[in-house]
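The values are calculated or read from the model by the stated rules, or taken from the named source; none is laboratory data. What you are looking at is a predicted structure, and each value in this text was computed from that prediction instead of being measured. Every residue, glycine as well, gets a Cβ built from its backbone with ideal geometry; the counts of neighbours run over all protein chains shown.
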């Protein structure tokens with residue numbers, strides 16, 4: 001991610017995943033996102049890759 005628009009796109013995509021109750025942080029510097037809730041990890045990955053970014057669960 002390189003800009004604020006990238007961060008916003010990832011935040012919006014993650015927030016739309018069933019089971020996510022909150023997006024706590026998306027850091028473009030670290031390339032990490034922290035979400036709250038009980039979402040299926042694969043769905044989180046799909047949301048981020050759907051925006052054109054690589055993703056994995058830490």
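For the structure I just gave you, tell me whether residue 47 is modelled with pLDDT of 95 or more, outside any strand (DSSP E or B), under 9 Å from the mean Cα position of the chain (by Cα) and surrounded by 13 or more Cβ atoms within 10 Å (Cβ to Cβ). So residue 47 passes the test.
Considering only residues that are touching a helix residue (DSSP H, G or I) at 6+ places or on another chain (Cβ under 9 Å) and free of Cβ contacts under 8 Å to residues at least 24 places away in the same chain, look in region 26-38 and name the one that is farthest from residue 58 (Cα to Cα). Give the steps one after another, and end with the answer.
As a first pass, look at region 26-38 and keep what is touching a helix residue (DSSP H, G or I) at 6+ places or on another chain (Cβ under 9 Å): 26-28, 33, 35.
Among the residues that remain, those that are also free of Cβ contacts under 8 Å to residues at least 24 places away in the same chain are: 27, 33, 35.
Working: 27: 14, 33: 10, 35: 12 Å.
It comes out as 27.
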